[in-house]
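Single-structure report; data block below.
The values are calculated or read from the model by the stated rules, or taken from the named source; none is laboratory data. This one's a predicted model, so the numbers in the text were calculated from it and none came from an experiment. Here the Cβ positions follow ideal geometry from the backbone for every residue, glycine too, while neighbour counts run over all protein chains shown. The protein model used for the area step is the full one, side chains on, heavy atoms only, and it has no ligands, DNA or RNA in it. Shrake-Rupley method; radii C 1.70, N 1.55, O 1.52, S 1.80 Å.
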Amino acid sequence: MDSNSTPDTLDPSNWESVRQIGHKMVDDIVDNMKSVRLRPAWQSVPDSVRSKLDEPVPFAGSSLEEVYQTFVENILPYPTGNAHPRFFGWVMGNGTITGAFADFLASAMNSHVAGYDQSATVIEDKVIDWMKELMGYPDDATGLLVSGGTMANINAVLVARNEMLEFDVRTQGIQGITEPLRIYGSQETHSWVLKACELMGLGRDAFRNVPINRDFQMDVDTCRGMIETDLQEGYRPFCIVGNVGTVNCGAIDDLSSIRKLANQFNLWFHVDGAFGSVAAWAPNSRKLVEEQESADSMAFDLHKWGYMPYEIACVLIRRPSAQNSTFGYAPSYLLSSDRGISVDTTRFADRGVQLSRGFRALKAWMSMKEQGVTRIGNAIDKNVLQAKRLERLVEQEECLELLAPVALNIVCFRYIADGLSLQELNAVNQEILLKIQESGFAVPSQTVIEGKFAVRVCITNHRSNDQDFDELAKMVAELGAYEVQSRGARNA
Ligand SMILES: Cc1ncc(COP(=O)(O)O)c(C=O)c1O
């Protein structure tokens, strides 16, 4: 069969009808986002829907109308829920309609952003410049937009490892390591660091869990002692991770002390600011995170507290050539030329793991230009105030107990009642949480703090209003009373 006899392209046979469906998609999505508050914050995917979606491989296609209708009926109604004003689970952002449009436009352009002479490269460069300026990084620092905080952090610690070791890690790999490596971070550090140690071939034991103080910050003196002991025992410390917003309760480590400690032992200082770092954009909260500027590298998400749709995060590396010397490759099929499309072919590919990369910079560029960084920063400040409001509500209510200080935007608390053991209280609070989620009213998540099951409210939500928190606190108190009462009745 020659190419002329192949049936057709994958383009539509009727562009006008596709245009109409496209318009309908935009209308539906605008309506959907506008009315998000009216729907449950979350609902489970019903069995009937699961079985409708359990289809065989679709060898024969169907019309776009039909496919879209299935999406509208069976997929759109059952999201994670993080677009909702009362979604406070884990650390999830809301997204915006501008971000969603930008993703559509980027996908339509379908740019391959390894580098090349093209507009997407100009835009990613610009967005990285903005990030450097907003985070107080120098002009000659490098950066990359990646899929999320995990990837951004891993990118940075790979650079740290290669920069801090004296031999050619890229050639010899971990086989060249004579003293086992050690990386330090508080025990509250997110699990990305364990993945990083595993991926680097160092093993999880390479991560040294440093105890925390009463404010859930790394105990820097203890970290110093651990480094000294490790050195005496023949280990090779190479990096300290400082947290700007720990995942459990939003603690911000004492960054200036960590910087000094890193200097004392000539270690790389990396900041994981997955959500907290963007507080630098917020006029009132900026001072809480300003010391992060001193780090050798930092990683932060834009899909969390930057309110942009998944997936987008940024890694910044202070040393100008470090990222390129960790990841750069120049095979003949990717060589750059002075002219033609192949100018700087691997500009971004040389700063990270991915070669084929999408145009995720567009949603950052469009969101920042349309909303303005000041407005995004004000939304961050509003969330910090809302966390303080919920903290006050918890403190005022006798049956509620705060389980960790509120440093930024996370409130961990629980229902308490006299005469219940720790285990019983944990079970009561777990039940409260599940009932709230299943009711569709709101989605907090959970964590365990000093053995106590916590209802965890993480506020990276530009759609929440103060009343949402008043009602949530009331609901926890009411459900707690109900739960304790019904347990009492069951045990009577
Ligand atoms: C402090 C912290 N670091 C890293 C991550 C991982 O980020 P991502 O989920 O974008 O990979 C998270 C996720 O919540 C986080 O809270």
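Neighbours of Glu188, meaning other residues whose beta-carbon lies under 15 angstrom from its beta-carbon, give a summed charge of -3 when Lys and Arg score +1 and Asp and Glu score -1. Residue order by solvent-accessible surface for Ile97, Ile128 is Ile97, Ile128, largest first, with ligands and nucleic acids left out and a 1.4 Å probe. On region 380-491, 47 percent of the accessible area sits on carbon and sulfur atoms, based on a 1.4 Å probe.
Rank-order 156-163, 42-49 by packing density, defined as the average count of other C-beta atoms within 10 Å over each peptide's residues, highest first.
Most protected by this proxy first, the peptides run 156-163, 42-49.
Heavy-atom accessible area, probed at 1.4 angstrom with all protein chains present, ranks Phe87, Phe265 as Phe265, Phe87, highest first.
Using the average count of surrounding beta-carbon atoms within 10 Å as a protection proxy, the listed peptides 394-406, 231-243, 247-259 rank, highest first, as 247-259, 231-243, 394-406. Carbon-plus-sulfur fraction of the accessible area of region 111-371, 1.4 Å probe, in percent? On region 111-371, the fraction of accessible area on carbon and sulfur atoms equals 47 percent. On a per residue basis, the chain carries 48 Å² of accessible surface, using protein heavy atoms and a 1.4 Å probe.
Taking other residues whose beta carbon is less than 12 angstrom from the beta carbon of Lys24, and scoring Lys, Arg as +1 and Asp, Glu as -1, yields -3. For Lys52, the aspartates and glutamates whose Cα comes closer than 20 Å to its Cα, not counting residues fewer than 8 places off in the same chain, are Glu65, Glu66, Glu73. Helices assigned as whole DSSP H runs in the chain whose Cα atoms extend at least 30 Å along their own long axis and whose mean Kyte-Doolittle hydropathy is -1.0 or higher are found at 373-396, 466-491.
List the pairs from Lys126/Lys369; Lys304/Lys382; Lys24/Lys363 whose alpha-carbon separation is above 19 Å, in the order I gave them.
Where the Cα-Cα span goes over 19 Å, the pairs concerned are Lys24/Lys363.
Dipole size of the chain about its Cα centre, with +1 on Lys/Arg Cβ and -1 on Asp/Glu Cβ: approximately 420 debye, rounded to the nearest 20.
With the full set of protein chains in place, find how many percent of the accessible area of region 12-81 is carbon and sulfur; take the probe as 1.4 Å.
On region 12-81, the fraction of accessible area on carbon and sulfur atoms equals 58 percent.
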